[in-house]
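Nothing in this text is a laboratory measurement; each read-out follows from the coordinates by a stated rule. Model, not experiment: these values are computed from the prediction.
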Amino acid sequence: MLVPKCSACGTTDRAARESQVRFRCRACAYTGNADVNAARTIARETTLVCTAAGPAVAARGRSGLPGRTNREPQSVLLS
């Protein structure tokens, strides 16, 4: 089972999900619907992962901006 994570402060605490519906963070006092809190947490973590991919591409020698790219010649195009 996953440990519930607060979408406001990022604290993880098994007791934060008081019921199937209610979430209450004991660290920052955020309260709300448990499913909404989970959706916000997933959205934040997905955004962080997608944002982190930009620097990884740039580290391989590409700026991440559209433009010329170095590609191997395609034999179909050369005939």
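Using the Karplus curve 6.51 cos²θ - 1.76 cosθ + 1.60 with θ = phi - 60°, work out ³J(HN,Hα) for each residue of segment 28-45 in order, rounded to whole Hz, and write x for Gly and Pro. Using θ = phi - 60°, the values come out as 10, 6, 5, 10, x, 5, 5, 5, 5, 4, 5, 5, 5, 5, 5, 4, 5, 5 Hz. For THR11, the amide hydrogen comes within under 5 Å of the amide hydrogens of CYS6, counting only partners 5 or more places away or on other chains and with H modelled in the peptide plane.
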